[in-house]
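The values are calculated or read from the model by the stated rules, or taken from the named source; none is laboratory data. Predicted model, so just to flag it, every value in this text is computed and none were measured. Counting neighbours? That spans all protein chains shown, and the Cβs are built from the backbone with ideal geometry, glycine included. What goes into the accessible areas is simple: the full protein's heavy atoms, side chains included, and nothing from ligands, DNA or RNA. Shrake-Rupley method; radii C 1.70, N 1.55, O 1.52, S 1.80 Å.
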Amino acid sequence: MSSDPERTLHYAVDVTVDDAWAIIDFLTPRLESLERTYDGGTEEHRTAAALGEAMSVLFLALELEIRGPGVGRHRNRSAAPPAIGPSPTEDERIVEKKRRLTRIAEYWNQLCGIVRPWSESKGYDRARWHPVTFLDMAAEDEHHRRVTEAGLRRTHQS
């Protein structure tokens, strides 16, 4: 399920479920091998199981944020349909998008932290498996504008 190995991630908005699957596909065989090699009571077995669980929880949370509500959930057919409320305003949509992208960045960055110890291993994707700093290009541009306005970075004049 891995996507293009040449893909480079810059922003939270760029992260896809396929990017997360690539980490899962890379780490799962390694963790399963440790669990098979070491008995259940050993530190190695517990560590591999704990990393596998953390990876799974982060993946599921990330997938939910990327794909949206209702993904992977079974609906109760006897439940009443959700009440239809007022449509969100443009400001509310912008705030919710920012919250969603912030959660994507947090979950993605944690997954990247889990896989980072394997950065020298064959198959590790340096172009993709790194933390994202900004939600999108507009957030990066805003950051650079504010840094410049605050005098924290000098601009080069020709």
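What FRET efficiency comes out for VAL57 versus LYS98 if R0 is 35 angstrom and r is the Cβ-Cβ distance? Round to the nearest 0.05.
0.90
Give the long-range amide H neighbours of PHE134: residues separated by 5 or more places, or on another chain, with amide H under 5 Å away, using H modelled in the peptide plane at 1.01 Å from N.
Correct list: ALA12.
Tally Lys/Arg at +1 and Asp/Glu at -1 over every other residue whose Cβ is under 13 Å from the Cβ of ARG146; what's the total? Provide the component values of the computation, followed by the final result.
Values: positive: ARG145, ARG153; negative: GLU140, ASP141, GLU142, GLU149.
Net charge around ARG146: -2.
Just subtract the alpha-carbon distance of ALA127 and ASP18 from 0.36 nm times their residue separation and send over the number in nm, one decimal.
In short, 37.8 nm is gained.
With every protein chain left in place and a probe of 1.4 Å, what is the accessible surface of ARG153, to the nearest 10 Å²?
110 Å²
Could you tell me the accessible area of HIS130 in Å² (1.4 Å probe, neighbours in place), rounded to the nearest ten?
50 Å²
So, R0 is 35 Å and r is the distance between the beta-carbons of GLN110 and THR148; what FRET efficiency does that work out to, to 0.05? The partial results should precede the final answer.
Working: r = 31 Å, r/R0 = 0.88.
The value I calculate is 0.70.
Quick one: work out Rg over Rh on the C-alpha atoms of region 10-51, Rh as Kirkwood radius.
Result: Rg/Rh = 1.19.
Taking the alpha-carbon centroid of each part, what is the distance from region 97-158 to region 1-68 in angstrom?
With region 97-158 and region 1-68 each reduced to a Cα centre, they are spaced 20 Å.
Quick one: how many Å² of SER33 are accessible to a 1.4 Å probe, rounded to 10?
Accessible surface of SER33 is approximately 50 Å².
Report the net charge of residues surrounding PHE134, where surrounding means a beta-carbon distance below 12 angstrom and charges are Lys +1, Arg +1, Asp -1, Glu -1. Intermediate values should be presented prior to the final figure.
Values: positive: LYS98; negative: ASP14, ASP136, GLU140, ASP141, GLU142.
Value of the local net charge: -4.
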